[in-house]
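Peer 1: Have a look at the structure that comes next, please.
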Amino acid sequence: MTADAPIARILSTGLYTPPHSISNEELVTTYNAWVERWNAENPDRPKEPSSPGFIEKASGIKARYVLEKDGILDIDRMRPKLPVRGNDELSIMAEMGVLAARDAMKRADLGPDDIDAVLCAASNMQRQYPAMAVEIQNALDIDGYGFDMNVACASAAFGIQTAVGLLSTGARRVLMVNPEICSAHINFRDRDGHFIFGDVCTAVIIGPAEGEPAPGQFDILDTRLKTVMSNNIRNNMGFLDPATDTVIDWDDPDTDKLFKQNGRSVFKEVVPMVAEMISTHLADNQIPGDSLKRMWLHQANLNMNELIAKKVLGREATREESPVVLDDYANTSSAGSIIAFHKHHDGLAKGDIGVISGFGAGYSAGSVIVRAG
Ligand code: COA
């Protein structure tokens, strides 16, 4: 595949941002109050306090949006308190998906009749079945089919490549949504990870590259995916828990039924893997790394992104070249690179080339080379 022949087009994107934001200070106040109580009750197993300064320096995160704030900041709960909805109501994940999808549909001036397939690509699904994508498809009144896919933080990149494939099997346009309720899988009593994630939903509409792309649209020149097994980011919650008598124990602050990672190892192993993947992907498409005008990278860690961008470009990237949204949004898993793209795709000249890249648990990584319309 050469860079000249687009394989599909990003017609529009959409974003749903939850109403509540939690600052590092608020989060740490709750965590440290809990640690004080824990240490008084468990003097033989003391825990260290957290600090807003560490969080910002180690990750670049200053705040995160969440669906619900009070439950997270309540030291007797330390997890969001979300309502149970009946089977005849729109589920929470589907509602986020619908809101982001409507935003994307409006921006591309597309209605339900223009879309043939819905992908729900995210790190966690609210239930086992029916698929979230089918519920979203139904709520939007879209004919055709929908299915869910989970490749953790790389889900959106995998979703874009899947959408490109679906176009070749007859779908006219594909809607991909990334509803991420990361606050429900964080362990807010884990000092290493309590600050990492936020909630959000993004949407991308992918169609064929017919005629000239309009300004704000991007031709997809090529996609590439990679997975390498690693236990360094893992969440062991699953449907076998009742059968294996390992249902989450809320009295255990070190539970493995929530997000757990070896952050240092992830940093060391994922940075070279992703930089190499993007560089090789560009080289195979005869695109010099230093000619890239923008890199919309997964938003997990600012230092990681600076290193990856430097390796690919051969020099430090400016904030314009490698936009940052994790300061306000934190890590929003698969949605992060799409939020960056959604908010920071202006200012490019027609023909400028950029890369969207998501990476995370699996390990999994995806690279999408796009050209501005
Ligand atoms: N508050 C204060 N200090 C903390 C802390 C906290 N919340 N958490 C850890 N520390 C301390 C550690 O105890 C350690 O102290 P020591 O040097 O005295 O032992 C020090 O800070 C460094 O800890 P470390 O875990 O090595 O930090 P780090 O610089 O690796 O940063 C991450 C931690 C998680 C921010 C970073 O590793 C990271 O972002 N990794 C990649 C994560 C990622 O992309 N995940 C993808 C998920 S999809």
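Peer 1: Please compute the modelled spin-label separation between residue 102 and residue 33, points set 7 Å along Cα→Cβ, answer in nm with one decimal.
Peer 2: 3.6
Peer 1: What does the accessible area per residue of the chain come to in Å², with a 1.4 Å probe and no ligands, DNA or RNA counted?
Peer 2: Working: 16150 Å² over 373 residues.
About 43 Å² of surface per residue is accessible.
Peer 1: So how do 122-132, 83-93 stack up, highest first, on mean other-Cβ count within 10 Å? All intermediate terms of the calculation are to be shown ahead of the outcome.
Peer 2: On the way: 122-132: 17.6, 83-93: 11.8.
Ranked from most to least packed, the peptides come out as 122-132, 83-93.
Peer 1: At what distance in angstrom do the alpha carbon centres of region 303-372 and region 118-132 lie from each other?
Peer 2: What the calculation gives is 25 Å, centre to centre.
Peer 1: To continue, here is another question. For region 278-373, give the percent of accessible area contributed by carbon and sulfur heavy atoms, probe 1.4 Å, rounded to a whole number. The partial results should precede the final answer.
Peer 2: Numbers: 1470 of 3070 Å².
So the carbon and sulfur contribution to the accessible surface is 48 percent.
Peer 1: Moving on to the next point. Could you go through region 75-81 in sequence order and give the Karplus-derived ³J(HN,Hα) for each residue, using 6.51 cos²θ - 1.76 cosθ + 1.60 with θ = phi - 60°, rounded to whole Hz, and x for Gly and Pro?
Peer 2: In residue order, the calculated couplings are 5, 7, 10, 6, 7, x, 10 Hz.
Peer 1: Output ³J(HN,Hα) for region 322-333: one whole-Hz value per residue in order, computed from phi by the Karplus curve 6.51 cos²θ - 1.76 cosθ + 1.60 with θ = phi - 60°, and x for Gly and Pro.
Peer 2: For region 322-333, the Karplus-derived couplings read 10, x, 10, 10, 5, 4, 8, 9, 6, 7, 10, 6 Hz, x marking Gly and Pro.
Peer 1: In terms of the ratio Rg/(2.2 N^0.38 Å) built on C-alpha atoms, what value belongs to region 241-305?
Peer 2: Working: Rg = 18.8 Å, N = 65, 2.2 N^0.38 = 10.7 Å.
Rg over 2.2 N^0.38 Å, computed on Cα atoms: 1.75.
Peer 1: Helix-only estimate, please: 222 nm mean residue ellipticity of the chain, summing -39500 (n - 2.57) across DSSP H runs of length 4 or more and dividing by its residues, to the nearest 500.
Peer 2: On the way: 10 runs with 115 residues, N = 373.
For the chain, the value works out to -9500 deg cm²/dmol.
Peer 1: Related question: Based on the mean of other Cβ atoms within 10 Å per residue, sort peptides 201-207, 274-280, 235-241, 40-46 so the most packed one is first.
Peer 2: On the way: 201-207: 27.9, 274-280: 20.0, 235-241: 13.0, 40-46: 8.7.
Order by mean packing, descending: 201-207, 274-280, 235-241, 40-46.
Peer 1: Where Rh is the Kirkwood radius over the Cα pairs of the chain, the temperature 20 °C and the viscosity 1.002 mPa s, what D in µm²/s does Stokes-Einstein return?
Peer 2: It comes out at roughly 102 µm²/s.
Peer 1: Another one. Just to confirm the number: angle between the C-alpha axis of helix 92-108 and the first principal axis of the chain, 0 to 90 degrees, nearest 10?
Peer 2: It works out to around 30 degrees.
Peer 1: Quick check on packing: order 341-350, 145-154 by the mean number of other C-beta atoms within 10 Å, highest mean leading.
Peer 2: Numbers: 341-350: 15.6, 145-154: 21.8.
Ranking, from highest mean packing down: 145-154, 341-350.
Peer 1: Here is a further query. Find the relative contact order for the chain and round it to a whole percent, using C-alpha pairs within less than 8 Å whose residues are 6+ positions apart. Walk me through the numbers on the way to the answer.
Peer 2: Numbers: 848 pairs, mean separation 88.6, N = 373.
It rounds to 24 percent for the chain.
Peer 1: To continue, here is another question. First compute the accessible area of region 95-203 with a 1.4 Å probe, then give the percent of it belonging to carbon and sulfur atoms.
Peer 2: Working: 1840 of 3970 Å².
On region 95-203, the fraction of accessible area on carbon and sulfur atoms equals 46 percent.
The values are calculated or read from the model by the stated rules, or taken from the named source; none is laboratory data. As the structure is a computational prediction, the values presented were derived from the model and not from experiment. Here the Cβ is made from the backbone with ideal geometry for all residues, glycine too, and neighbour counts use every protein chain on show. Remember, those area values only see protein heavy atoms, side chains included, never the ligands or the DNA or RNA. Shrake-Rupley method; radii C 1.70, N 1.55, O 1.52, S 1.80 Å.
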